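K.L.:
Once you've had a glance at the structure underneath, I'll fire off some questions.
The values are calculated or read from the model by the stated rules, or taken from the named source; none is laboratory data. Being a predicted model, the structure only gives us computed values, none of them experimental. Positions of Cβ are backbone-derived with ideal geometry, glycine not excepted, and every protein chain shown enters the neighbour counts. Protein only, heavy atoms only, side chains kept; ligands, DNA and RNA dropped before computing areas. Shrake-Rupley method; radii C 1.70, N 1.55, O 1.52, S 1.80 Å.
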Amino acid sequence: LGIIILFTYIYFRIDAVMLYYLRGAEETGWYSAAFKLIEALLLLMDAIRNALFPLLSKTYGKENSQFQQIWREAMRYLFILSLPIALGTVFLAPRIIDLLFGDAFRAASTSLEVLGLALPLLLLNSLSSNILISASKTANILRAVAIGAVANIALNCLLIPVWGSLGAACATCLSEILVFGLYYKSICEIHGGINLIALSWRPLASACCMVLILWSLAFLSLVPLVILGAASYFALL
């Protein structure tokens, strides 16, 4: 578990280090500003994962059907919570950056848009790692995060020199897709497949309609937009 945490820390933090040495302090600041916002959202929503972990550990091996039901419902609720936040962040990124950091960090909005899209994957990967730990499959997690760390470094080497902070954000997003694919494969081998489309299409459709509503009300300030967006999303859902 300690090695898993080490590799996870590498592919979460190495992009800022590489960005600093390849493109300088200014772009590192832009990227860090965007990443901190996503990190704050992750910490808030990690409460779901932390609450479920003891229950998953307790039911695994004893009540297999209940174990499957718990993690499938957990994934469903993560889709419900993360998809509107992700699409809302993408749409409102320039305003969010402007409000929190000012004009000097306006370039951070493009990184925030890409990292916002990665938010559902970050949360699903976090939950998936707990599912595999509950099932005593730490070797599968170690393999996934090690591959993710290597891929992240390679992608940063390719993308940062060309796109700077946006390249670092893209590398993070692509690495999360890779890690999720490896996690999903491991979970399917243990418990069989899960229909992710069935779990996600309603939240995704509602979130897309929410963005259209936000676009039509773009003349409003940020706080009313967020409130109206949340209300319209849950009404549509």
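K.L.:
Quick one: accessible area per residue over segment 1-94, 1.4 Å probe, rounded to a whole number of Å²? Numbers along the way, then the final one.
P.N.:
Numbers: 5030 Å² over 94 residues.
Per residue, segment 1-94 has 54 Å² of solvent-accessible surface.
K.L.:
Mind checking the dipole of the chain: about its Cα centre, +1 per Lys or Arg Cβ, -1 per Asp or Glu Cβ, Debye to the nearest 20?
P.N.:
Details: 14 positive and 12 negative charges, 116 e Å.
The dipole of the chain has a size of about 560 debye.
K.L.:
Within segment 173-237, report the chymotrypsin sites (Phe, Trp or Tyr not before Pro) that DSSP leaves as loop and that have at most 16 other Cβ atoms within 10 Å.
P.N.:
Values: sites: Phe180, Tyr183, Tyr184, Trp201, Trp215, Phe219, Tyr233, Phe234; in loops: Phe219.
Filter output for segment 173-237: Phe219.
K.L.:
May I pose another question? Using the charge dipole of segment 12-83 (Lys, Arg: +1 at Cβ; Asp, Glu: -1 at Cβ; taken about the Cα centre), state which of Phe79, Thr59, Leu44 has its Cα farthest towards the positive end.
P.N.:
Sorting the options by dipole projection puts first Thr59.
K.L.:
Next up: Go through Lys62/Lys137; Lys58/Lys137; Lys36/Lys185 and tell me which ones have a Cα-Cα distance over 18 Å in this structure. Could you put the intermediate results ahead of the total?
P.N.:
Details: Lys62/Lys137 16 Å; Lys58/Lys137 15 Å; Lys36/Lys185 30 Å.
In this structure, Lys36/Lys185 lie more than 18 Å apart at Cα.
K.L.:
In addition: By the scheme Lys and Arg +1, Asp and Glu -1, what is the net charge of all other residues having a beta-carbon under 12 Å from that of Ala33? Can you show the working numbers first?
P.N.:
Details: positive: Lys36, Arg106; negative: Glu26, Glu27, Glu39, Asp98.
Residues near Ala33 contribute -2 overall.
K.L.:
Which entry is the computed percent of Cα pairs over 21 Å apart for this structure: [x] 73; [y] 62; [z] 59?
P.N.:
[z]
K.L.:
Separate question: Do the sum for the chain: with -39,500 (n - 2.57) for every DSSP H run of n ≥ 4, divided by all residues, what is the mean residue ellipticity at 222 nm, to the nearest 500 deg cm²/dmol? List each step's numbers first, then the result.
P.N.:
Working: 8 runs with 211 residues, N = 237.
Estimated from H runs of four or more residues: -31500 deg cm²/dmol.
K.L.:
Another question, if that's okay. Quick check: from the Cα gyration tensor, does segment 1-130 come out rounded (a/c under 1.5), prolate or oblate? It would help to have the intermediate numbers written out before the result.
P.N.:
On the way: a/c = 3.56, a/b = 1.80, b/c = 1.98.
Judged from the Cα gyration tensor, segment 1-130 comes out oblate (a/c at least 1.5, b/c at or above a/b).
K.L.:
Please sort by residue number the GluC sites (Glu not before Pro) in segment 39-137 whose DSSP state is loop and whose Cβ has at most 15 other Cβ atoms within 10 Å. Show your work: numbers first, answer last.
P.N.:
Details: sites: Glu39, Glu63, Glu73, Glu113; in loops: Glu63.
Listed in order of number, the matching sites are Glu63.
K.L.:
Next question. Positive end of the dipole of segment 55-190, charges at C-beta (+1 Lys, Arg; -1 Asp, Glu), about the Cα centre: which of Val114, Cys157, Ser126 has its Cα farthest in that direction?
P.N.:
Result: Ser126, furthest along the dipole toward the positive end.
K.L.:
If you don't mind, there's one more thing I want to ask. Keeping the other protein chains in place, figure out the carbon and sulfur percent of the accessible area of the chain, with a 1.4 Å probe. Please list the in-between numbers first.
P.N.:
Details: 8090 of 11470 Å².
Exposed carbon and sulfur together represent 71 percent of the surface.
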